[in-house]
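The values are calculated or read from the model by the stated rules, or taken from the named source; none is laboratory data. Quick caveat: nothing in here was measured; it's all calculated off a predicted structure. Using ideal geometry, Cβ is built from the backbone for each residue, glycine included, and neighbour counts are taken over all protein chains shown.
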Amino acid sequence: MIEPRTRAPTPWSWRRNRLFIWIGVFVALLGGTFGFLFVAVFIKGLGVTGTARVSYCTGIAGLLMMREPAAVTADGQPLSVPS
């Protein structure tokens with residue numbers, strides 16, 4: 001059986017990988033942050049009125065979006081489970 005040839009990694013391969021991982025993480029975080037700006041507008045569109053109530057609902061939505069374990073119901077059950 002003939003064994004396939006494997007190429008030795010070039011000195012730049014890990015730097016290239018690091019660059020693309022950095023760009024991917026940056027774009028993902030930027031997208032999440034940009035989307036969170038419009039949560040209050042979305043909540044107002046659902047019919048929630050009053051600045052304090054919209055702020056409260058936006059905060060709860062932020063906890064759920066970040067999947068914080070601190071977001072629990074009255075009986076202590078988590079609203080979202082970290083994956």
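Quick notes
- Subset of region 1-25 [among the hydroxyl-bearing types (Ser, Thr, Tyr) and loosely packed, with under 10 Cβ neighbours inside 10 Å]: Thr6, Thr10
- Single match in Ala61, Ala28, Ala52 (criterion: loosely packed, with under 10 Cβ neighbours inside 10 Å, in a helix (DSSP H, G or I) and modelled with pLDDT of 80 or more): Ala52
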